[in-house]
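Below you'll find the structure, written out as structure tokens, and then a few comments.
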């Protein structure tokens, strides 16, 4: 009797073990299949790895303008089909969005690399930008707690802080005439002034060069800064599978 009881107990234990192994195997297969079905994400720009978070954040920045561009190509497009529709160049909307996102990332990294080169920031990465935002928000929060005046926002979102930094980098660069492209000769200023009429005052009268000088110089420097950063972005090396990146983009929409 005791022997039979032991045998039954042993069989029960073995059965539990077998069931556990089978279930575990099923879960592993399911997990593997799920992982295989998810679009792979791999992207580097000029050797710097781009995280999924950074990519998605940038994708959201360019999504609206890209959507408006696509709707301009096909007037009868709907919100439900704008990203899956195929356009004149043979690309789908989500493939075009993936390309726009990569181009914007190249530009952003070109600006931050320039800022690091000039000493405006220490860390040109997305993580570095997030850390600076957290520090800025902490300082603003402490000022509010002390009852001190806080100019602008009490707290930055990631999008707004990045926009703020990009703007501040541009201002710092164009205000230093020793920077590349920022030194202007009198002949260059006069020639640019003569390209069009410069209007001032409530009566919208034409300004002479002495009145328009500051605006002329500012516009020239901003144009040169734009050209410089776009040139840097254009030569940035991108490493990643665009087909996989496009599928990943579609999953985020």
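Of all the residues that make up the range 181-206, how many are in contact (Cβ under 8 Å) with a residue 12 or more places away in the chain and under 15 Å from residue 218 (Cα atoms)?
9
Counting only residues that are at pLDDT 95 or above and farther than 13 Å from residue 98 by Cα, how many does the range 29-45 have?
Summing the residues that are at pLDDT 95 or above and farther than 13 Å from residue 98 by Cα in the range 29-45 gives 2.
Looking for whichever is in contact with a helix residue (DSSP H, G or I) (Cβ under 8 Å, 6 or more places away or on another chain), closer than 22 Å to residue 101 by Cβ and modelled with pLDDT of 95 or more here; the options are 169, 189, 174, 217. Which one fits?
Among 169, 189, 174, 217, only 169 is in contact with a helix residue (DSSP H, G or I) (Cβ under 8 Å, 6 or more places away or on another chain), closer than 22 Å to residue 101 by Cβ and modelled with pLDDT of 95 or more.
Would you confirm whether or not the range 137-159 contains a residue that is touching a strand residue (DSSP E or B) at 6+ places or on another chain (Cβ under 9 Å) and either surrounded by 11 or more Cβ atoms within 10 Å (Cβ to Cβ) or within 29 Å of residue 58 (Cα to Cα) (or both)?
No; the residues of the range 137-159 include none that is touching a strand residue (DSSP E or B) at 6+ places or on another chain (Cβ under 9 Å) and either surrounded by 11 or more Cβ atoms within 10 Å (Cβ to Cβ) or within 29 Å of residue 58 (Cα to Cα) (or both).
With the requirement that a residue be surrounded by fewer than 15 Cβ atoms within 10 Å (Cβ to Cβ) and touching a helix residue (DSSP H, G or I) at 6+ places or on another chain (Cβ under 8 Å), what does the range 235-251 give you?
242
The values are calculated or read from the model by the stated rules, or taken from the named source; none is laboratory data. Since the structure is predicted, the reported quantities are computational estimates derived from the model, not experimental observations. Cβ coordinates were reconstructed from backbone atoms using ideal geometry, including for glycine residues, and neighbour counts include every protein chain displayed.
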